[in-house]
Structures are given as structure tokens and as C-alpha cells.
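So the structure is just underneath, and the comments pick up after that.
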């Protein structure tokens, strides 16, 4: 019985002695330590994506609101329709739809592990994707800002 206890104690002590390095190479965009250019670029790409995606429910809500406004305006008699407002709603609807479509198109085309075996190609790919996702993010944020401005100026 003593031998089993000693063996168990030795195994326990060995198991607690973790000699693996604390720093491991990063394989994703979420580890806080950015060691390489690839890490930083991937992090920037994911940050652009996350900012855009965080606004998608607001964007969709604005699309529904625009559609409700258009439906209301179209029920009015022709002489009472505010043409500039209707044109602004149609333009906004197009802008919001474009921003929505752009995000999901970008996500469908983005390849997380693209050129992972070739550092130079990977950096070029991530630089390209960073520029694309920044454009998508800006489209989303700008269309939401435009929606806010339009609805405030219309008093709605």
C-alpha cells in the first residue's frame, strides 16, 4: 500500500512539473501577443470584420425601417409625395443593401489559411484583405451614419 502511495505521489509531482514554454507561436488572430507582420495583419483583418459584423443587426434594422418608410410614402396620393425624401430613401436602401452584400461576399471569399506556407505571399494576401475589409467596414459605418442623418432630418 505504501508503494502505491509513493508511486502515485511521484506521478503527481511529475505531472505538476510543466516545462513547456509559455510562449507559443500564434496561429489565429485572437492571441493578444502580436509577434510577426502576419500576426498584426491577420489581427487587423479580423478587427475590421468584427467591427463591421457588430453593426449588421443595426444595418438590417435600418433596411427594414427604410422599407416601411417607402411603403408609407407610396401609399400617399401622388401630389403629397415628398420626391426628394423618397429619392433619399431609395438611395439609402441601395447603400445599405450594398454594405450588407459586401460584408457577406468578403466573408465568403476570405481564406483564413491562404498561402500559410509562403510568408511573402501570405503577407501580400493579408494586406489585400485588410484593404478590402476596411472598405467593407467603412461602407457599413457610412451607410449607418447616413441612415441616422436622414431619419433625424426627416424627424422620424
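The figures follow:
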| quantity | calculated |
| --- | --- |
| Residue check for residue 40: in a helix (DSSP H, G or I), at pLDDT 85 or above and surrounded by 13 or more Cβ atoms within 10 Å (Cβ to Cβ) | yes |
| Filter result (in contact with a helix residue (DSSP H, G or I) (Cβ under 8 Å, 6 or more places away or on another chain) and more than 30 Å from residue 86 (Cβ to Cβ)) within the range 36-66 | 37, 38, 41, 42, 44, 45, 48, 49, 51, 53 |
| Residues within the range 118-128 that are closer than 17 Å to residue 46 by Cβ, exposed (fewer than 15 other Cβ atoms within 10 Å of the Cβ) and touching a helix residue (DSSP H, G or I) at 6+ places or on another chain (Cβ under 9 Å), tallied | 1 |
| Cross-chain or 6+ apart pairs with Cβ under 6 Å, the range 102-121 first and at positive phi, then assigned to a helix (DSSP H, G or I) | 115/121; 115/122; 115/125 |
| Exclusive hit being surrounded by 12 or more Cβ atoms within 10 Å (Cβ to Cβ), in contact with a helix residue (DSSP H, G or I) (Cβ under 7 Å, 6 or more places away or on another chain) and outside any helix (DSSP H, G or I), set 88, 115 | 115 |
| Enumeration of residues in the range 122-146 that are touching a residue at least 60 places away in the same chain (Cβ under 8 Å) and closer than 16 Å to residue 52 by Cα | 129, 130, 133, 134, 136, 137, 140, 141, 143, 144 |
| Residue match in the range 102-111 (condition: modelled with pLDDT of 90 or more and not in a helix (DSSP H, G or I)) | yes |
| Some residue of the range 15-37 being over 28 Å from the mean Cα position of the chain (by Cα), assigned to a helix (DSSP H, G or I) and either at pLDDT below 85 or within 26 Å of residue 129 (Cβ to Cβ) (or both) | yes |
| Some residue of the range 129-152 being closer than 30 Å to residue 35 by Cβ, surrounded by fewer than 16 Cβ atoms within 10 Å (Cβ to Cβ), touching a helix residue (DSSP H, G or I) at 6+ places or on another chain (Cβ under 7 Å) and at pLDDT 90 or above | no |
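The values are calculated or read from the model by the stated rules, or taken from the named source; none is laboratory data. This one's a predicted model, so the numbers in the text were calculated from it and none came from an experiment. Here Cβ is always computed from backbone atoms with ideal geometry, including for glycine, and neighbour counts include all displayed protein chains.
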